[in-house]
Amino acid sequence: MTSSDLRFPQSAILELTYRCNHRCRFCSCPWEAPSCSYEKGTELTLEEWCRAIDRLQTLGVKTLTISGGEALLNDSLLDILKYIRSKGCFNTDVPIVLISNGLLISEAFLEAFKRYNVHLSMSLPGVDTFEWHTGVDNASGVLHWFEEAKRLGVPTTVNVTVTKHNYHELYRTLAEGLLAGADTVLLNRFLPGGRGLANIDELTLDTDQLRGMLDTAEEVLELAGRRGAVGTEFPRCIIEKPEKYKRLRVASVCAAAKEFFVIDPSGRVRTCNHSPRVVGHILRTPVISDIDYWNIFAQRRYIPVSCVSCHDVNYCDCGCREAAAIVHGNVCAKDVCFDNNE
Ligand code: SF4
Ligand code: SF4
Ligand code: SF4
C-alpha cells in the first residue's frame with residue numbers, strides 16, 4: 001500500500017500549543033515524558049494552521065477537536081476557530097470540541113465559543129485533590145465557568161482523569177461538575193504516558209477501582225439524567241455485565257487512525273494524542289511517511305496473542321495499545337491494567 005491509498009479518519013485533533021499553565025501529574029502529552037525523546041518542533045503560525053486545515057479538508061476530515069497543551073495559550077485560537085467555520089466542509093451544525101483546563105476561560109472566550117459552535121470540555125481531576133493533581137488551585141474556577149457556560153448557552157463536558165488519588169472523590173467530582181451545569185461526562189482512566197510515566201505507582205487504578213469508576217459514573221449519570229463516555233478504551237473482560245451501563249458508553253475498540261488522528265503543535269502527525277510516535281507531517285507530501293506504524297492502528301494489527309482466540313476479539317482491542325507500547329515496548333502487549341492484577 002502507498003500513501004496515496006490511505007483513507008484518513010473523518011476526525012482530527014489539533015494540538016495548538018506545547019505550552020500549558022498546569023503541571024498535571026497524569027499529563028500524557030508525549031513531550032512531557034521524563035527523559036523525553038519527543039522533540040518539540042517550532043509551533044505552526046496562524047497562516048500555517050490555515051494551510052493545515054485546508055489540507056485536512058482535502059483529506060476528507062469533517063470534524064475537529066482542539067487541544068494542546070492548553071489551547072487557550074495560543075493567541076491565534078479565535079482566528080483558527082473563525083477560519084474553520086469559514087470552510088464549508090466543517091459542518092457548522094457539528095460542534096468543534098475544545099479541551100481546556102479552564103484557567104484562562106473568560107466571558108469573552110465563552111461568547112466566541114457560542115459564536116463558533118464550540119463544545120467546551122473542561123478538566124476537573126478532583127475537587128479536594130485538584131491542586132495535588134494539577135499544581136494549580138482552581139477547582140472553584142472550573143465550576144464557575146461551567147455555570148457561566150450554561151448561562152451563555154455553550155455546551156460543556158466535565159472531563160475527569162481518574163487516578164488512585166482522586167478515586168475516593170469521583171462521585172462528588174462528577175456531581176459537582178454536573179450540578180454546576182456540565183451537560184455530559186468524559187472519564188479517562190489514568191494511563192501511563194508523558195509526565196504520568198514518572199507517577200505510575202501513585203496514579204494507576206487497580207481493576208476493582210476501574211470497575212468502581214464505571215459504577216460510580218453510571219450511578220451519578222442516572223441520578224442526573226445525563227449521559228457520558230469513557231475515553232480510554234477498556235478490555236471487555238474486566239467489565240462485569242457491560243449491559244448494566246445504560247448512560248455511560250464504554251468503548252473497547254481503539255479509535256486511533258480509524259476514527260481520528262492528531263496534528264501536533266508543529267504539524268507532525270500521530271495516530272493518537274497518547275502516542276509518542278510521529279508518523280508524518282500535515283504540510284508535507286505524503287502526509288503519512290511511516291505507513292507501517294499507521295497501518296498497525298488503521299488495520300488493527302496489534303491484537304495480543306492471548307486475545308486472538310477470544311470470542312470478543314472483533315469488539316475488543318485489549319485496552320490501550322499505545323500505553324501498552326509505551327510501557328512494554330510492544331504494541332501487541334496486553335493492556336497495562338493486567339500488569340499487577342494477574
Ligand atoms: S493534562 Fe492538559 S492541562 Fe494538564 S498539564 Fe497536560 S496539557 Fe496541561
Ligand atoms: S480480546 Fe482480550 S482483552 Fe478483550 S475481552 Fe478478549 S481476552 Fe479480554
Ligand atoms: S491508542 Fe487507542 S486505545 Fe489508546 S487512548 Fe489512543 S485511541 Fe484510545
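Quick note: the coordinates plus some simple rules give every number you see, no bench work behind them. The structure displayed is predicted, hence computed values, not measured ones. Neighbour counts run over all protein chains shown; Cβ positions are idealised from the backbone, glycine included.
What separates the Cα centres of segment 92-135 and segment 281-333 is a distance of 30 Å. Translational diffusion of segment 168-218 was estimated from the Stokes-Einstein equation, with Rh taken as the Kirkwood radius over Cα pairs; at 10 °C and 1.306 mPa s the coefficient is 129 µm²/s. Put simply, the convex hull of the Cα atoms in segment 3-303 casts, on average, a shadow of 14.8 nm². The phi torsions of segment 299-311, fed into the Karplus equation with coefficients 6.51, -1.76 and 1.60 and a -60° offset, translate into couplings of 10, 6, 8, 9, 6, x, 3, 5, 9, 4, 8, 6, 5 Hz, rounded to whole numbers, with Gly and Pro shown as x. A crude spin-label estimate for the pair Cys36 and Lys258, with each label 7 Å from Cα along the Cβ direction, gives 3.0 nm. Here's the picture: charge each Lys and Arg Cβ at +1 and each Asp and Glu Cβ at -1 in segment 117-263, and of Leu223, Asn166, Ala180 the one pushed furthest to the positive end of that dipole is Leu223. With all projection directions averaged, the alpha carbon convex hull of segment 213-328 covers 8.8 nm². For segment 232-274, dividing the convex hull volume of the Cα atoms by the residue count gives 82 Å³ per residue.
Rounded to the nearest 20 debye, the dipole magnitude of segment 3-303 is 920 debye, with +1 charges on Lys and Arg beta carbons, -1 on Asp and Glu beta carbons, and the Cα centre as origin.
Annotation: amide H-H contacts under 5 Å for Thr161 (H modelled 1.01 Å from N, sequence separation of 5 or more, or interchain): Leu124, Asn188.
Size estimate for segment 1-157 follows the Kirkwood approach: the inverse of mean 1/r over distinct Cα pairs works out to 16.8 Å. What residues qualify as long-range amide H neighbours of Leu98, i.e. H under 5 Å apart, gap of 5 or more or another chain, H built at 1.01 Å from N? For Leu98, the qualifying residues are Ile66, His119, Leu120, Ser121. Note on the chain: helix-only mean residue ellipticity at 222 nm, from DSSP H runs of 4+ residues weighted -39500 (n - 2.57) and normalised by residue number, equals -8500 deg cm²/dmol. Using the Cβ of Asp317 as centre and a radius below 14 Å, the other residues enclosed give a net charge of +1, where K and R count +1 and D and E count -1. Footprinting exposure proxy ranking of Val305, Val158, fewest other C-beta atoms within 10 angstrom first, gives Val305, Val158. Per-residue extension of 0.36 nm, minus the Cα-Cα distance of Asp312 and Lys246, leaves a gain of 21.8 nm for this segment. Of the residues Gln10, Ala52, Leu104, the one whose Cα sits farthest toward the positive end of the charge dipole of segment 1-121, with +1 on the Cβ of Lys and Arg and -1 on the Cβ of Asp and Glu, is Gln10.
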